[in-house]
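Input: a single structure, listed below in C-alpha cells.
The values are calculated or read from the model by the stated rules, or taken from the named source; none is laboratory data. This one's a predicted model, so the numbers in the text were calculated from it and none came from an experiment. Every residue, glycine as well, gets a Cβ built from its backbone with ideal geometry; the counts of neighbours run over all protein chains shown.
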Amino acid sequence: MAVTRRPTRRDVVRSAAAVAAVTLACPSLAQASPRVAVIGGGFGGAACARALRRLDAGLQVTLIEPNKIFTACPFSNEVIAGLRELTEQQFTYDKVAADGVTVAAQAAVKVDNQARTIGLADGSTIAYDRLVLAPGIDMRFDALPGYDEAASQKMPHAWKAGEQTLLLRKQLEAMDDGGTVAIAVPAAPLRCPPAPYERAGLIAHYLKTKKPRSKILILDAKDNYSQQKLFENAWKELYPGMIERIALSQGGRVTSIDPGTNEIVTDFGNYTAQVANIIPPQKAGRIAEIAGAADHTGWCPIDPVTFASKLLPNIHVIGDACIAGGIPKSASAASAQGKACAAAIVNALAGKAPDTPRLNGACYNTVAPGYAFSLRGIYQPKDGQYAEAEVVTSPVDASREVRQREADEALGWFKAITGDAFG
C-alpha cells in the first residue's frame, strides 16, 4: 500500500504561487470585469449605459435596443402640428458605441434572473451580473373596449414617436375645415402628464392658421393636471373658443370607442370626431412584465436610492417603467435616473454604500411658436418614494417676452438632453 505524504506549508505556498502565475499568464482564468446589461435605448437607458462606462471604464456594458434609430418624444407634438420634421427627432447610437458600450440591435424577449441571462429575438443570449431595465411604456390595449393595436391605425395614440406621429399629422392635414379633433386623455400614471394639453395647444395653432373653423375637444379621465392654469390661460389668450375640455367630473372619461365610426363613448355622452387621438392607459414596457419586475399595477416598484427592483435581485428599473412617486414620467426624469442608477451600480460593485440621489427635472411645454412655459423640480427619496424637494413653475401672468425666452430655453434643453444621451 502506498503511503501518502501530508503536504507541508512550503508545498502549499508553492502551489498557490503556481496558480497565481498561471492566472497571470492566462487572462481567461482571471476574474472577468463585471457585466452590466441595459435593456432599452431611450433617454434613461442610453444615459445609464454611457454613465456606467464613464464612471468605470473597466465595466462590460451592453445596451440592448432593437431600433437602430431612436425617435424622441419631446418636441414630437410640434411634428404633429407641422412645425418640425420627424428627422429632427431622430438619433443613432453611434456615439454610445464610441464610449465603449456594446450596442446589441435586438429585442430582448426573455430574462432568466436565476441564470442571469437575457434571451434575444435572434436566439442568442447575453449574460449579466447586473441588469438595468429601461423599457419605457407600452399601451394597455386591453383597457379601453374597442381600442386595440389595429384601431390605433385609424385613431392614433401618437404616444410613441414615429409612425404614429406622422399618422396623426396626416389626418389633421386631410380633415375638413370645421371638423372636430378629439383628444382622449387617460388617468394617471402616464408618460409626460402635461403632453396631451401641449398637444391640444399646438394642434389648435395648426387649425387656427390652416382650418380656423375647426374645434378641439379634450375628453379627460382626470379633473386636474399639471400646470393647468398656465395651459388654460394660454388657450384663452391664443385660441379663444377653439378648445373645449370635459373633465372627469363632467363625464369626460372615455369608456369605449368605435374605430369604424370614430365614435367615442364617455360616462355621460357620445362624441364623433373627424380626427380622434386616443391615448390609452399605459404600463411598463413588456420586457419588465416578462422579467417579473412589474407588479399588479403594470409598473415596477423600486428602491428609490438605488433603483433596485423590489421584486427581483440584481435588477434595476429606471425611466417611465418604474414607480417613482412624485417625480413625473419624463425624458428629463429618465435621464437623471439613468445616471443615478449607474452611480449606484458602480458603488455596489465596489462594495461602497450608495449615495442618496438628488435628481433635477425640467418640463417645457410649447403651445405656440415662441410661447412656452416650464416646471423645474428637485426630487429626493422620502418614505420609500421620490418626493418634491423644490418645484418652480412659470408665472401665470408672464409677459410674451418671458414666454419667448422659455421657448428658446426649451430648444436649448432638448439639444442638451439629446446630446447627453446620443450626441
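The residue list Gln274, Gln282, Gln337 contains one member that is buried (at least 18 other Cβ atoms within 10 Å of the Cβ), touching a residue at least 60 places away in the same chain (Cβ under 8 Å) and closer than 24 Å to Leu172 by Cβ, which is Gln282. Evaluating Ser249 against the criteria (1) touching a strand residue (DSSP E or B) at 6+ places or on another chain (Cβ under 9 Å); (2) over 13 Å from Ile218 (Cα atoms); (3) touching a residue at least 12 places away in the same chain (Cβ under 8 Å) leaves one unmet condition, (1). In the stretch 226-244, the residue that is surrounded by the fewest Cβ atoms within 10 Å (Cβ to Cβ) out of those that are touching a residue at least 40 places away in the same chain (Cβ under 8 Å) and closer than 19 Å to Ala188 by Cβ is Lys229. In the stretch 298-307, the count of residues that are buried (at least 21 other Cβ atoms within 10 Å of the Cβ), in a loop (DSSP other than H, G, I, E, B), assigned by TED's automatic domain parsing to the domain that holds Leu131 and touching a Ser or Thr at 6+ places or on another chain (Cβ under 7 Å) is zero. Taking first residues from the stretch 193-216 that are within 23 Å of Ser330 (Cβ to Cβ) and partners that are surrounded by fewer than 20 Cβ atoms within 10 Å (Cβ to Cβ) and among the polar types (S, T, N, Q), the Cβ contacts under 6 Å between residues at least 6 apart in sequence or on separate chains come to Pro193/Ser226; Pro194/Ser226. Look at the stretch 133-162: where a residue is of a type in the set (Ser, Thr, Tyr), no partner that is exposed (fewer than 14 other Cβ atoms within 10 Å of the Cβ) sits 6+ places away or on another chain with Cβ atoms under 7 Å.
Being more than 28 Å from Ala410 (Cα to Cα) and outside any helix (DSSP H, G or I) is true for just one of Ala348, Ala293, Ala344. Which residue is that?
Details: Ala348 fails: outside any helix (DSSP H, G or I); Ala344 fails: outside any helix (DSSP H, G or I).
Only one candidate passes the filter, namely Ala293.
Would you be able to tell me the number of residues in the stretch 378-404 that are closer than 25 Å to Ala234 by Cβ, surrounded by 14 or more Cβ atoms within 10 Å (Cβ to Cβ), in contact with a helix residue (DSSP H, G or I) (Cβ under 9 Å, 6 or more places away or on another chain) and not polar (S, T, N, Q)?
Going residue by residue through the stretch 378-404, those that are closer than 25 Å to Ala234 by Cβ are 388, 390-404.
Next, from what is left, pick out any that are surrounded by 14 or more Cβ atoms within 10 Å (Cβ to Cβ): 388, 393-394, 398, 402-404.
Okay, now just the ones that are also in contact with a helix residue (DSSP H, G or I) (Cβ under 9 Å, 6 or more places away or on another chain), so 393-394, 398, 403.
Checking which are not polar (S, T, N, Q) leaves us with 398, 403.
Final tally of qualifying residues: 2.
Considering the stretch 114-138 alone, what residues qualify as being over 16 Å from Pro34 (Cα atoms) and either at pLDDT below 95 or not aliphatic (A, V, I, L, M) (or both)? Lay out the reasoning, then the answer.
Residues of the stretch 114-138 over 16 Å from Pro34 (Cα atoms): 114, 119-125, 133-138.
Once the filter is applied, which keeps residues that are over 16 Å from Pro34 (Cα atoms) and either at pLDDT below 95 or not aliphatic (A, V, I, L, M) (or both), the stretch 114-138 yields Gln114, Gly119, Asp122, Gly123, Ser124, Thr125, Pro135, Gly136, Asp138.
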